[in-house]
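Structure first, commentary second.
The values are calculated or read from the model by the stated rules, or taken from the named source; none is laboratory data. All values derive from a computational prediction rather than experimental measurement. Here the Cβ positions follow ideal geometry from the backbone for every residue, glycine too, while neighbour counts run over all protein chains shown. These accessible areas exclude ligands, DNA and RNA; they are computed on the full protein's heavy atoms, side chains included. Shrake-Rupley method; radii C 1.70, N 1.55, O 1.52, S 1.80 Å.
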Amino acid sequence: MQELLNTLTLGSIYLLFALGMALAWSTIGILNFAHGAIFVFSAFSAHFISDFVPLSMPAIILISVLVGATLSALTQWLAFEPILKRSKNHRSAELRILIGGIGVAAIPIALVDWATASAPFGFANSSYSTQVYEIMGLRITNTSLIVIIAGVGIAVGLTLWLRRSRQGLGLRAIGVDSETASLMGVNRTVMAIGTMAIAGGLAGLAGALQVFQLQAMGVETGDQLLIKAFAMIVLGGLGSMAGVILGAFVLAGAESLIFAANMGTWVDAVSFGLIFLVLLVRPQGIFGRQEVRRT
Amino acid sequence: MSVPTPRRHLFKATAVLASVGLLAACGSTGAGTQGGGDAGGGIASEIKLKGIYDTTGPVAYAGVGASKGAQLAMEEIEEQGFLGEDVSISLEEVDTAGEIERASSEFSRAVADPGVAAIFGPVAGQQAATVAPMAEQSKVPTIFNQAGSEGVVIGDYTFRGTAPMGTYYDIAAEHLEKEGLTDVAVIYNGTYPTFAEIGQEIFPELAEKHGLNITSSQAVQSNTQDFTSQAQAIAQDKPDAVVMLLIAPQSVTALTQLSQAGYDGQVMATSVQAAGNVAQAGEHAAGLMYPVDFSAAQDGELAVDFVKGFEEKYGETPDAYAAEGYDSMWWLARGIKASGDSSREGIRAGLQQVAAEGFEGVMGDLTFEGNDMRVSGVLVEWDGTDEKLVTQ
Amino acid sequence: MIDWYTANSVVIQATMTTLLLALSIQLPLRMGVFSFAGVGCFGIGGYTAAIAFTKFGMGTWTAVAFGTVLAGVLCYLLGLLVHKLTGLYLGMATIAFALIVSVVATNGGSLTGGASGLFGALGGITNLHVFLLLAVVIIGLAISEAGRFGRKIDTVREDPELAVALGINVTRYRKLTFLASGLIGGLAGAVTTLLRSTITPAEVNFHLVVVALTVIIIGGSSSWLGAFIGAVFITWLPTVLSFVAEWEPIIYGFVVALAAIFLPGGILGLVKDLRHRRGARRGSTPPPEEGAAAPPDDEPHAPEPSRTPVPSQGGAL
């Protein structure tokens, strides 16, 4: 049981990180490789401010979310939109969006690296303190609870919103066929920047919560999570939000099992080997649909 | 590591073929005699050194620290007229920015310049291992700081002014034995070379020697971020102590999660925790111990003077990297004085002569295994805000 | 000139090895195969060569040959497994392959040197050797870009259905591209390792994918010449930028992002475009719009026809 709970927490951390990336990818078709950098920079901004003024948890989260949303929207506006405008079709833009994202990511990461001299940073000065609860022999911290609720809650909420709401429909329409969508009255540019702002806000939220949960963050954390998030998105099936949720927990579960078997240095091989095998059996990912192909 | 470096092939290859093509051929012609400008031996009035290490990028802290220490030592050497009244030393630094190719390209430029008498090499292990054969081949004495991996000190011309962590980790095991903390759990980063080596080989040997019982040994990767299950497993076992060999952000998380899981025994970590890297763990890190090769809390006369001088010059407390840079520069100066010759060949001979005798530096009594420095190290305790010495 | 060469010979060397790595990724992209297996093969080639050289006392060139061939064979076998995957699914599977290579190296005990990797594998490779090897690879690639064969490959990428209808064995082409990519990647790894004398598991990671892709996108993805321009650009940029010291990573990021935004066909595309326009201006037949309306096709396409067209801005910058 305790292992399940731990896996749930780990999966929720992964999920929070991947959600923003998956949202942008499954709607407006942007695979943002600056997501990890935005995640680190948002958390760092909150750390930076909280070093001067002791802040409460909500205030720290708010700062992180706002910084993330701003950065992400700016990236979309200044980098990805121009790339799309200069490409014959979305497919040819895809690789350049990837590289553009990598270029953009280098900038905030270099700043954080320089400011922290590569030392880990956290919210030691925050007024929030972690409590440990013991319920029926299970140990859980209040931070883990918040992480699980935020992760699962937002993931399910987003999935439903995309499926049910009018804006969600509009967004998905862009993902399927942006030209037709704009003919139907969907303002692509505004929608895209808005979506990226939400995605960035989620990165900021994930960054702040991760620091609360793990107490510290290193500047390289973003890159490490980026590749895992990419794996989860692909594993679940490109374009499927439900797939990302599944992907996050499958990856976390696989990692927990490998650690339980004390094969800690094999983690990447086993979890990525698993993804490899899943892809051989289901070339479109677990929930991927054959008909919407935008790769 | 258990892998012996196969020197036979290495030297066979270097002897027969110029590794870097035209470059090496150019670099080595006459280099041995021209170094320092004064061909017939003797100490030149101007000794030109080159520093090739990271001053930006992920291991910048090590390069910057070493550089500050070396600069301070140079000032003192000139002020004291240690090498003669009118002898000046200059250290020209170039940044390798974490890139192997940059390191080897700058290194090749330096060896090709006959004016460069000696080089302070890269701090990152792989950069160092890449340039080490070039140093041997072009016969330029090169002192490395940090760069604890194998393949760095490989011959007569490569020197290391940092004792690898594994060589002084025994004081940790000794302390555990003395305190009667015999049941020990180990958690280590198996993808980080230094920690993999200590976790897999050095510590098990030390444990046997000191009568410690390793109850569990868990490996993680550099990209492992959550240690909840490992911490809980340890808390359940309740060993007397935990040996934690993790990189900086991991350590903060692991310490916090160990204490959240209800573990309150002794945690023994590594010098990675120095320089306030565990500050973010707050009260969870209080009582943490780790062996270091240098601590500003050290009370030797030289160490106290060094800390004072460093604080005057830079307005901050020196870290271990600075102490290593400082002692390495003094090693070089002593070497030049010992051989009375500031040419490349003279510096090599002098460095080896000093190494054979050992000397006292700010890190304590320095001894050498070949060209490789050894220190006894000190055990320090982090009280939540500051480092203090654990009295042995 | 000699002085300049001496001072920069390692950078020149790095340019050539980076180019080899980039070519191993570019070839499958030109075939419409989104495979990063070249990076895993870089690791296999590097490790095999280093092991052969240090543990078994083989000569430099035997070790390089071993690394290259083993990487090629393993990559071909990988291709047999995954050639049905498309797009990012294939990208992910091949990245997984590279990460697995790295983990196996970490856990390979004394054979691979564990986390510390292997040291002392300094082979006798000179810049001239690398240049000759590179020339052979480039000639092979240039042949695959020219004439009928080149058009066949373009068809396989742009419209696999059409290619099948034309009697091109698309599946065979795709499988063979894995073999070729593995050979080039393995060669790149073996040569780089025996030049540097070391290889560690940490090297074989996602970062290499990023380097290779950046080279290709900045230089131009349609031809080896683009990868060459990109490799020169990426390798020399830090040297040129070194005077800005700690601002370098930031400026590097800006340059890469700007190149991705403003150079749809990479630097090569830009050059071709300018030449095309100048040709048009000299007053011969084509009206000015044509140069803008039909820019050279410099982007690789996944095999599916495009479904999300964005209004064309042509090649105008």
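Given the protein assembly as shown, what percent of its DSSP beta bridges are antiparallel, to the nearest 5?
So the antiparallel bridges in the protein assembly as shown amount to around 40 percent.
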Report summary line: Whole-number value, in Å³ per residue, for the convex hull of the alpha carbons of segment C:78-182 is 134
Report summary line: One point scatterer per Cα, no solvent, Debye formula: log10 I(q)/I(0) for chain C at q = 0.13, 0.14 Å⁻¹ comes out as -0.98, -1.12
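Within 10 Å of each Cβ in peptide B:130-142, how many partner chain Cβ atoms are there on average? Round it to a whole number, please.
On the way: counts 7, 3, 5, 7, 3, 0, 1, 1, 0, 0, 0, 0, 0.
What the average comes to for B:130-142 is 2.
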Query - Shielding by partners, peptide A:18-29 (average Cβ within 10 angstrom, other chains) - result: 0
Report summary line: Shielding of C:254-266 by other chains, given as the mean Cβ count within 10 Å, works out to 6
Requested in this report: Treating the Cα atoms of segment C:136-243 as identical point scatterers in vacuum, please give the log10 of the normalised Debye intensity I(q)/I(0) at q = 0.17, 0.23 Å⁻¹, two decimals.
Outcome: -1.00, -1.41
Query raised in the report: Given 4 °C and 1.567 mPa s, how large is the Stokes-Einstein diffusion coefficient of segment B:167-292 in µm²/s, with Rh as the Kirkwood radius over Cα pairs?
Result: 92
Query raised in the report: Who wins for biggest fluctuation among C:Ala180, C:Ala22, C:Ala259 in a Gaussian network model of chain C, springs between alpha carbons below 10 Å?
Result: C:Ala259
Report summary line: For segment B:274-314, the per residue accessible area (1.4 Å probe, Å²) is 42
Query raised in the report: Tell me, what ³J(HN,Hα) does each residue in segment B:212-219 have, in order and in whole Hz, if you take phi through Karplus 6.51 cos²θ - 1.76 cosθ + 1.60 with θ = phi - 60° and put x for Gly and Pro?
Result: 9, 10, 7, 7, 7, 9, 10, 9
Query - Among A:Leu8, A:Ser50, A:Gly101 - extreme Cα towards positive end, dipole of segment A:1-142, charges at beta-carbon - result: A:Gly101
Query raised in the report: So what is the relative contact order of segment B:167-292, in percent, for Cα pairs below 8 Å that sit 6 or more residues apart?
Result: 27
Report task. Could you work out how far the C-alpha centroid of segment C:37-73 sits from that of segment B:280-348, in angstrom? Result -> 42
Report summary line: Carbon and sulfur atoms account, in whole percent of the 1.4 Å probe accessible area of segment C:2-204, for 71
Query raised in the report: Of the residues B:Thr224, B:Thr191, B:Thr270, which exhibits the maximal mean-square fluctuation in a Gaussian network model of chain B defined by a 10 Å Cα contact cut-off?
Result: B:Thr224
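So, with +1 on the Cβ of K and R and -1 on the Cβ of D and E, and no other charges, what is the size of the charge dipole of the protein assembly as shown about its Cα centre, to the nearest 20 debye?
That gives a dipole near 5820 debye.
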Query raised in the report: Which angle from 0 to 90°, rounded to the nearest 10, does the C-alpha axis of helix B:60-80 make with the longest principal axis of chain B?
Result: 50
Query - Between helix C:87-106 and chain C: long-axis angle, C-alpha atoms, 0 to 90°, nearest 10 - result: 20
Query raised in the report: Once the Cα atoms of helix B:301-314 and of chain B are each reduced to a long axis, what angle between those two axes, in degrees from 0 to 90 to the nearest 10, is obtained?
Result: 80
Report summary line: With only helices counted (DSSP H, runs n ≥ 4, each -39500 (n - 2.57)), the per-residue ellipticity at 222 nm for the protein assembly as shown, to the nearest 500, works out to -19500 deg cm²/dmol
Report task. Find the relative contact order for chain B and round it to a whole percent, using C-alpha pairs within less than 8 Å whose residues are 6+ positions apart. Result -> 19
Query raised in the report: Sorted by mean Cβ packing within 10 Å, highest first, what order do the peptides C:214-223, C:9-18 take?
Result: C:214-223, C:9-18
Requested in this report: Give, as a single signed number, the net charge of other residues whose beta carbon lies under 15 Å from the beta carbon of A:Ala231, with Lys and Arg counted +1 and Asp and Glu -1.
Outcome: -1
Report task. Give me the accessible area per residue for segment A:81-171, probe 1.4 Å, as a whole number in Å². Result -> 43
Requested in this report: Using Cα pairs closer than 8 Å and at least 6 residues apart in sequence, work out the relative contact order for segment A:2-219, in percent.
Outcome: 43
Report summary line: Counting every C-alpha pair in chain B, the percent lying more than 32 Å apart is 35
Report summary line: segment C:102-127 scanned against label point 7 Å out from C:Trp61 along Cα→C-beta; backbone N under 13 Å for C:124-126
Query raised in the report: Which helices, taking whole DSSP H runs in chain A, have alpha carbons extending 20 angstrom or more along the helix axis plus mean Kyte-Doolittle at least 1.6?
Result: A:57-75, A:241-260, A:267-281
Query raised in the report: Taking the alpha carbon gyration tensor of the protein assembly as shown, what are the square roots of 5 times its eigenvalues, largest first, to the nearest whole Å?
Result: 46, 37, 25
Report summary line: Mean Cβ-within-10 Å packing, highest first, puts peptides B:315-322, B:69-76, A:232-239 in the order A:232-239, B:69-76, B:315-322
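Would you mind giving the average projected area, over all directions, of the Cα convex hull of segment A:2-219 in nm² with one decimal?
Values: hull surface 51.7 nm².
Mean projected area of the Cα convex hull: 12.9 nm².
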Query raised in the report: Interface A/B, total buried accessible area with a 1.4 Å probe, nearest 100 Å²?
Result: 2600
**Report entry** By average C-beta atoms within 10 angstrom, highest first, the peptides A:120-127, A:153-160
**Finding:** A:120-127, A:153-160
